[in-house]
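The values are calculated or read from the model by the stated rules, or taken from the named source; none is laboratory data. The structure presented is a predicted model; accordingly, all values stated were derived computationally and were not measured. All Cβ positions, even for glycine, are placed from backbone atoms using ideal geometry, and neighbour counts span all protein chains on display. Calculation scope for accessible area: heavy atoms of the full protein, side chains included, ligands and nucleic acids excluded. Shrake-Rupley method; radii C 1.70, N 1.55, O 1.52, S 1.80 Å.
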Amino acid sequence: MANPTPLDYAETLRALARALEQQYVRVRGTKLEPGLDAQQQLGPLLRSTFSLAETLVDELTAMSSSTAFTSTPGSRQSLNTLASALAGVTDAAAELGFALGENAHPGRPMGEAPDPSPDRVWKAICDNARPLMEEHLHNAAHQLELASISCHYVAAAIERSSAPAERQSSRVRPSAFASPAPASASSAALPAQPGSPRSR
């Protein structure tokens, strides 16, 4: 397989940005009801957010190791921006974990005396947990939105700096990137379904 070009990385970053947008929409659209329901909702969100972080790690590593990319002007700033985006995705996962920690879990408190009114106590626990969980969910969505914007930003910068140079190179001499480009710059393929963050 031919080595990826900078434009290949830009294409993969666009796909990753769309996947982050879709995750943003899922998180923002989640309505948590404390208890087992919240645990069942947060588990899949946590796993898919970790998967996005893993994909971004792979892309950052591939781009950092690519001479074709690191030799282009602005590549260092682009890598720094992607590293910040990765930190944002991991922060989003942490916020989802904090939401799970604030969840109202079933069970009896320590001590021998039973609850005086189990239903009333459970309602109070849920009422206390709900706003805390919603705040963490909001923070997670915000971090995903920022990470998506960062990926689009880096992809646009690569496209601006690489496309004219490659077009000029193809007119003057055979391009160093003349071999067919791979479908994706990373081994993890991402769905390219439409999805854009809603404005707050």
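Before moving on, here are some points about what is shown:
Yes/no matrix, rows are residues, columns are (1) open to solvent by 20 Å² or more (accessible area, probe 1.4 Å); (2) modelled with pLDDT of 50 or more; (3) acidic (Asp, Glu):
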| position | (1), (2), (3) |
| --- | --- |
| LEU132 | yes, yes, no |
| ALA141 | no, yes, no |
| ALA165 | yes, yes, no |
| SER199 | yes, no, no |
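- Any chance ASP37 is at pLDDT below 95 and over 18 Å from TYR153 (Cβ atoms): yes
- Segment 33-63, residues that are buried (at least 16 other Cβ atoms within 10 Å of the Cβ), free of Cβ contacts under 8 Å to residues at least 40 places away in the same chain and more than 11 Å from the chain's Cα centre (by Cα): GLN41, LEU60
- Residue match in segment 94-113 (condition: within 22 Å of the chain's Cα centre (by Cα) and farther than 19 Å from LEU36 by Cα): yes
- The requirement of being open to solvent by less than 60 Å² (accessible area, probe 1.4 Å), β-branched (Val, Ile, Thr) and closer than 21 Å to SER84 by Cα is not satisfied by THR30.
- Matching residues in segment 110-125 - criterion: being of a type in the set (A, V, I, L, M) and either modelled with pLDDT of 90 or more or in a helix (DSSP H, G or I) (or both): VAL121, ALA124, ILE125
- Neighbours by Cβ (under 7 Å, 6+ apart or cross-chain): first from segment 69-89, charged (D, E, K, R); second assigned to a helix (DSSP H, G or I): none
- Considering the conditions (1) at pLDDT below 50; (2) farther than 30 Å from PRO73 by Cα; (3) more than 29 Å from the chain's Cα centre (by Cα), PRO194 is excluded by exactly one of them, (3).
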